[in-house]
Amino acid sequence: MPELDHLVFASPDLSAGVRHIEQLTGATPVPGGPHPGVGTRNHLLTFDQTTYFEVIGVDADQGEPARPRPFGIDEGRPPRLAGYAVHPAPGETIEEVVDRLLVLGHDPGPITAMSRLKPDGEELRWRLTLAPFATAPAAMPFVIDWGASPSPARSLPSMGALAELRLEHPDATVRSMVDGLGLGIVAVEATSPRLVAVVDTPGGRVEIA
């Protein structure tokens, strides 16, 4: 069974996204690094040793990428919780997780190798599924496998504890697929898609959507 890896908060203006999360949670996301060729970079916080929170936005130091940046970043939409990733459980492979998603009715796309440099110069390498990213919040996850690289979650400042991840969606079939992931995501009926993270911070419970 796959496990939750990280949540993705997308903001065209990365600095604005970082400020939003800092004001909401009281925790300051720290620089992660650029995604070469993708045109983005990130700042990060963690929930625990295996699950973290990513703020992603335009990397002004890169040229325009060959294809649109993920999560609808190029559309100039307001900062929002845009998606989430799962990783294989111990003893499980990324291929097995992909097969599980296909059985549920979701094609996460082909598996692609990527890497980035951390601010301290350490290189992180991973494989992930790379399907076309919807501009609306993603109901189903993409898959990431850190392989020999340690998860970023282990070395980040905490933003608090993830109390709940909720998907609001009008399509009962989609909600059923999310239930089938076995991640404990709360899937509820709503008029439009929305992802909501409920986080217990030192200053109290907040919702990030």
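The values are calculated or read from the model by the stated rules, or taken from the named source; none is laboratory data. All values reported here derive from a predicted model rather than from experimental measurement. Positions of Cβ are backbone-derived with ideal geometry, glycine not excepted, and every protein chain shown enters the neighbour counts.
Here is how the numbers come out for the structure above:
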{"quantity": "Selection from the stretch 146-173 of residues that are of a type in the set (A, V, I, L, M, F, W, C) and either closer than 20 Å to GLY184 by Cβ or in contact with a Phe, Trp or Tyr (Cβ under 8 Å, 6 or more places away or on another chain) (or both)", "calculated": "TRP146, ALA153, LEU156, MET159, ALA161, LEU162, ALA163, LEU165, LEU167, ALA172"}
{"quantity": "First in the stretch 151-176 and farther than 16 Å from VAL198 by Cβ, second anywhere and crowded, with 20+ Cβ neighbours inside 10 Å and among the basic types (Lys, Arg), Cβ under 9 Å, 6 or more apart", "calculated": "HIS169/ARG175"}
{"quantity": "ARG175 more than 19 Å from GLY26 (Cβ to Cβ) and part of a helix (DSSP H, G or I)", "calculated": "yes"}
{"quantity": "Selection status of THR50, under 17 Å from the mean Cα position of the chain (by Cα) and crowded, with 19+ Cβ neighbours inside 10 Å", "calculated": "no"}
{"quantity": "Test set (1) at pLDDT 95 or above; (2) in contact with a His (Cβ under 8 Å, 6 or more places away or on another chain); (3) closer than 29 Å to SER176 by Cα - ASN42 fails condition number", "calculated": "(3)"}
{"quantity": "Selection status of ASP200, assigned to a strand (DSSP E or B) and among the acidic types (Asp, Glu)", "calculated": "yes"}
{"quantity": "Output for the stretch 82-126, where each listed residue is part of a loop (DSSP other than H, G, I, E, B), surrounded by 19 or more Cβ atoms within 10 Å (Cβ to Cβ) and free of Cβ contacts under 8 Å to residues at least 60 places away in the same chain", "calculated": "PRO108"}
{"quantity": "Matching residues, the stretch 127-160, being among the polar types (S, T, N, Q) and either over 26 Å from PRO79 (Cβ atoms) or not in a loop (DSSP other than H, G, I, E, B) (or both)", "calculated": "THR129, SER149, SER155, SER158"}
{"quantity": "The one condition in (1) surrounded by fewer than 16 Cβ atoms within 10 Å (Cβ to Cβ); (2) within 16 Å of the chain's Cα centre (by Cα) that LEU162 fails to fulfil", "calculated": "(1)"}
{"quantity": "Some residue of the stretch 151-158 being surrounded by fewer than 14 Cβ atoms within 10 Å (Cβ to Cβ) and within 25 Å of ARG80 (Cα to Cα)", "calculated": "yes"}
{"quantity": "Lone unmet requirement of (1) among the polar types (S, T, N, Q); (2) modelled with pLDDT of 95 or more; (3) farther than 23 Å from GLU96 by Cβ for SER176", "calculated": "(3)"}
{"quantity": "GLU168 vs. criteria touching a Pro at 6+ places or on another chain (Cβ under 9 Å) and part of a strand (DSSP E or B)", "calculated": "yes"}
{"quantity": "The stretch 13-66, residues that are under 18 Å from ALA161 (Cβ atoms), assigned to a helix (DSSP H, G or I) and touching a residue at least 40 places away in the same chain (Cβ under 8 Å)", "calculated": "ILE21, LEU24, THR25"}
{"quantity": "For ARG125: the one exception among (1) under 16 Å from the mean Cα position of the chain (by Cα); (2) over 28 Å from ARG175 (Cα atoms); (3) of a type in the set (Lys, Arg)", "calculated": "(1)"}
{"quantity": "Filtered residues of the stretch 1-51 (kept if closer than 21 Å to ARG69 by Cα and of a type in the set (Phe, Trp, Tyr))", "calculated": "PHE9"}
